[in-house]
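This report refers to the structure that appears directly beneath it.
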Amino acid sequence: MTTTHEHHSEHHPEPDDDAGPAAPPVVDRATWQAARDELLVREKTHTREGDAIAAARRRLPMTEVDAGAVVVGPDGPTTLLDLFAGREELVVYKHMWHLGEPIENQCEGCTLTYWAVQDPAYLTARGVSFAVVAKAPYAELAPFVEFMGYPRHWYSVLDHAESHAADDVLGGDDFGTWVCFLRRGDRVYLTNSVTGRGSEATMPALALLDMTARGRMEAWQDSPAGWPEGKGPGWFWRTHEDGVGNSWTGGRPAIQWSRPGATPVTTPAHHH
């Protein structure tokens, strides 16, 4: 049996000018694959450099902190040492908190940072414990944790009678920070602290958006001519009830609209 191959034209028209903003040029599959392979070389170099940086990170020195520093959790006061639960390592997220503000006004950036890694199963499988701390009385944190459906590994480090956990014990950086500790017997050591854009390591939605043609749609990005105009950084972290990013005009942190009991926002939102 003879198979006939239909001849396909090499002409690939550009996308319809009326279809919206500029888009990538249209090429045949082989040309696309060649361009993709060329970029892959750079991506692999980037990955290897990331591996080298991680190797250097493992060679950082460490500094001792107060293992007896007290935090207050769902079962009352406990110590930094207790948070290890007998494991060798502990990762802590310092979640920003706006005292006295309603749930929808709590930090949208910290919500994004923590949301995708709230289940520490793969950390505990590697012998790493996990906790979140915030500068608020635990009685104020508890309703937020319940509303968001978070695990009960949240703790208060607000200075009050039951808690003397100073910021320097937990890394000394601003909140919105990941902090790593190593335990040697009953002594605890700070090994690493990551904040700013380093926290994007736990924001997989951003990594996925970076894979797309449009990216994050933020003004700072280097985009081709004719691309949709970028907005302020993090513009889609808060949304209206329809789930659409709102350029910081209000709304809840995006993930909150899926929570049972979410209601329209009635108070001004904090801007990132």
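Bear in mind that the values in this text are calculations on the coordinates, not laboratory data. What you see is a predicted model; the values in this text were computed from it and never measured. When we count neighbours, we look across all protein chains shown, and the Cβ atoms used for this are built from the backbone with ideal geometry, even at glycine.
If we count other beta carbons within 10 Å of each Cβ, what is the order of E200, E64, fewest first?
Least crowded to most crowded, the residues run E64, E200.
Could you check the simple spin-label distance between K231 and A205, using points 7 Å along Cα→Cβ, in nm with one decimal?
Modelled inter-label distance: 1.2 nm.
Which shape class, rounded, prolate or oblate, goes with region 50-127 when its Cα gyration tensor gives a ≥ b ≥ c as root eigenvalues, a/c under 1.5 marks rounded, and past that a/b bigger than b/c marks prolate?
Oblate, since a/c reaches 1.5 and b/c is not below a/b.
Would you work out which of W220, P24, G127 lies farthest towards the positive end of the dipole of the chain, given +1 charges on the beta-carbon of Lys and Arg and -1 on that of Asp and Glu, about the Cα centre?
Final value for the positive-end residue is G127.
For region 63-198, just list the percent of Cα-Cα distances falling in each 5 Å bin from zero outward, please.
2, 10, 22, 25, 22, 13, 4, 1, 0
Modelling each spin label as a point 7 Å along the Cα-to-Cβ direction, I'd like the W32/R57 distance in nm, to one decimal.
For the pair W32/R57, the computed spacing is 3.4 nm.
For region 63-198, give the magnitude of the charge dipole about the Cα centre (Cβ charges: +1 Lys/Arg, -1 Asp/Glu; no others), in debye to the nearest 20.
Result for region 63-198 is approximately 460 debye, rounded to the nearest 20.
Find how many whole Å separate the alpha carbon centroid of region 199-246 from the alpha carbon centroid of region 16-61.
Answer, in whole Å: 17.
Say R0 is 45 Å: what FRET efficiency, to the nearest 0.05, do R184 and A19 get from their beta-carbon distance?
That gives a FRET efficiency of 0.15.
If I measure Cβ to Cβ between cysteines in the chain, which ones have no partner under 4.7 Å?
C180
How do K44, K231 line up, fewest other C-beta atoms within 10 Å first?
Least crowded to most crowded, the residues run K44, K231.
Based solely on its DSSP helices, what 222 nm [θ] is calculated for the chain when runs of n ≥ 4 H residues each add -39,500 (n - 2.57) and the sum is averaged over all residues, nearest 500 deg cm²/dmol?
It lands at -7000 deg cm²/dmol.
Nothing charged except the Cβ atoms of Lys and Arg (+1) and of Asp and Glu (-1): what's the magnitude of the dipole of the chain about its Cα centre? Round to the nearest 20 debye.
Computed about the Cα centre, the dipole is about 840 debye.
Using alpha-carbon positions, what is the distance between the centroids of region 86-161 and region 247-265, in Å?
19
At 0.36 nm per residue, minus the direct Cα-Cα distance, what do T263 and V244 gain on full extension? Give it in nm, one decimal, please.
Computed gain between T263 and V244 is 5.3 nm.
On a 0 to 90° scale, report how tilted helix 29-57 is relative to the longest principal axis of the chain, with both axes built from alpha carbons and the result rounded to the nearest 10.
Its long axis makes an angle of about 20 degrees.
Would you work out which of A56, L40, P233 lies farthest towards the positive end of the dipole of the chain? Charges go on Cβ: Lys and Arg +1, Asp and Glu -1.
My answer, from the dipole projection, is A56.
Neighbouring Cβ atoms within 10 Å as the yardstick, rank V91, V41 fewest first.
Least crowded to most crowded, the residues run V41, V91.
Of all the C-alpha pairs in the chain, what % are more than 25 Å from each other?
Value for the chain (Cα pairs over 25 Å): 57 percent.
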